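Asker: Below you'll find the structure I mean.
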Amino acid sequence: MPERKDGTSTGAGDGIATPTPTPMPTPTPTTTSRPPWDQYFIEIATAVSRRSTCLRRQVGAILVRDKRILTTGYNGAPAGVPHCVDVGCLREKLGIPSGQRHEICRGLHAEQNALVQAALHGISVEGATLYCTNEPCLICTKMLINAGVKRIVYKDPYPDELAREMRQLVGIPTENYHI
């Protein structure tokens, strides 16, 4: 059948224009590779960290179970409390080094905020994996243990040997993931 410029063809001598069938595209393999699950979730935790209001360190955390995100958290002041980006860092003003005197801080850690969000919304995190931009400190480690978190994957190490020992003691696998 002769084809016209508009993509139609004339029928078998009947003079009626009929559309030319469009062939189905042949499936081809995907040219982009999908990231492994750990990389995918660490990248999401990194995106969450950009919400941080801490002047010293931007940390993001997500709790995941069965490849589903349960909650997210980033470090910053509690709801309704002025953020350090607005009023300054109390720890800087007092000259407190990183890793010391955690109780003298306006903010909560990202891991703590992820756990608080789960509690606030009635979401169990038992059996979950924590993905965090930083390795959890001792305070966060104790909370994660008691919440039933079963695995921890982090991007950047944090110098807290007691936290590492405690996670090892209770058998929580803790992995440093490099993107």
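Asker: Rounded to two decimal places and with Rh computed the Kirkwood way over Cα pairs, what is Rg over Rh for region 22-179?
Answerer: Working: Rg = 17.9 Å, Rh = 16.7 Å.
Here the Rg-to-Rh quotient is 1.07.
Asker: With a 1.4 Å probe and every protein chain left in place, work out the accessible area per residue of region 109-179 in Å², rounded to a whole number.
Answerer: 50 Å²
Asker: Same structure again: Can you tell me what the convex hull of the Cα atoms of region 93-174 projects to on average, as an area in nm²? Walk me through the numbers before you get to the answer.
Answerer: Values: hull surface 22.4 nm².
Convex hull of Cα atoms, orientation-averaged projection: 5.6 nm².
Asker: For Leu70, which sequence-distant residues (separation of 5 or more, or a different chain) have an amide H within less than 5 Å of its own amide H, given hydrogens modelled in the peptide plane?
Answerer: Counting only residues 5 or more places away or on other chains, the set is Leu63, Val64, Arg65.
Asker: What Kirkwood hydrodynamic radius do you get for region 54-128 when you take the inverse of the mean 1/r over all pairs of distinct Cα atoms, in Å? Before the final figure, lay out each step's value.
Answerer: Working: mean 1/r = 0.0747 Å⁻¹.
The Cα-based Kirkwood calculation yields 13.4 Å.
Asker: Say each of Val87 and Val116 gets a label point 7 Å from the Cα, pointing the same way as Cα to Cβ; how far apart are those two points in nm?
Answerer: 1.4 nm
Asker: For region 129-161 and region 80-109, what is the separation of their C-alpha centers, rounded to whole Å?
Answerer: 20 Å
Asker: May I pose another question? So for region 87-170, averaging the separation of alpha carbon pairs under 8 Å that are six or more residues apart and normalising by length, what relative contact order in percent results?
Answerer: 27 percent
Asker: If you don't mind, there's one more thing I want to ask. Along region 65-75, what does the Karplus equation 6.51 cos²θ - 1.76 cosθ + 1.60 (θ = phi - 60°) give for ³J(HN,Hα), rounded to whole Hz, x for Gly and Pro?
Answerer: Along region 65-75, the couplings run 9, 6, 6, 10, 6, 8, 8, 10, x, 9, 7 Hz.
Asker: OK, next. Summing Lys, Arg as +1 and Asp, Glu as -1, what charge do residues with Cβ under 12 Å from the Cβ of Cys89 carry, Cys89 excluded? The partial results should precede the final answer.
Answerer: Working: positive: Arg56, Arg57, Arg91, Lys93, Arg106; negative: Asp86, Glu92.
Net of charged neighbours comes to +3.
Asker: Counting only DSSP beta bridges with both residues in region 73-179, what percent are antiparallel, rounded to the nearest 5?
Answerer: Numbers: 1 of 9 bridges.
For region 73-179, the DSSP antiparallel bridge percentage is about 10.
Asker: Let me ask another. So how much slack lies between Asp38 and Arg51, counting 0.36 nm per residue of separation and subtracting their Cα-Cα distance, in nm? The partial results should precede the final answer.
Answerer: Working: separation 13, 0.36 × 13 = 4.68 nm, distance 2.09 nm.
Gain on extension, Asp38 to Arg51, equals 2.6 nm.
The values are calculated or read from the model by the stated rules, or taken from the named source; none is laboratory data. Just so you know, these numbers come straight off a predicted model, no measurement behind them. All Cβ positions, glycine included, derive from the backbone under ideal geometry; neighbour counts span all protein chains shown. Please note that ligands, DNA and RNA were not included when accessible areas were found on the heavy atoms of the full protein model with its side chains. Shrake-Rupley method; radii C 1.70, N 1.55, O 1.52, S 1.80 Å.
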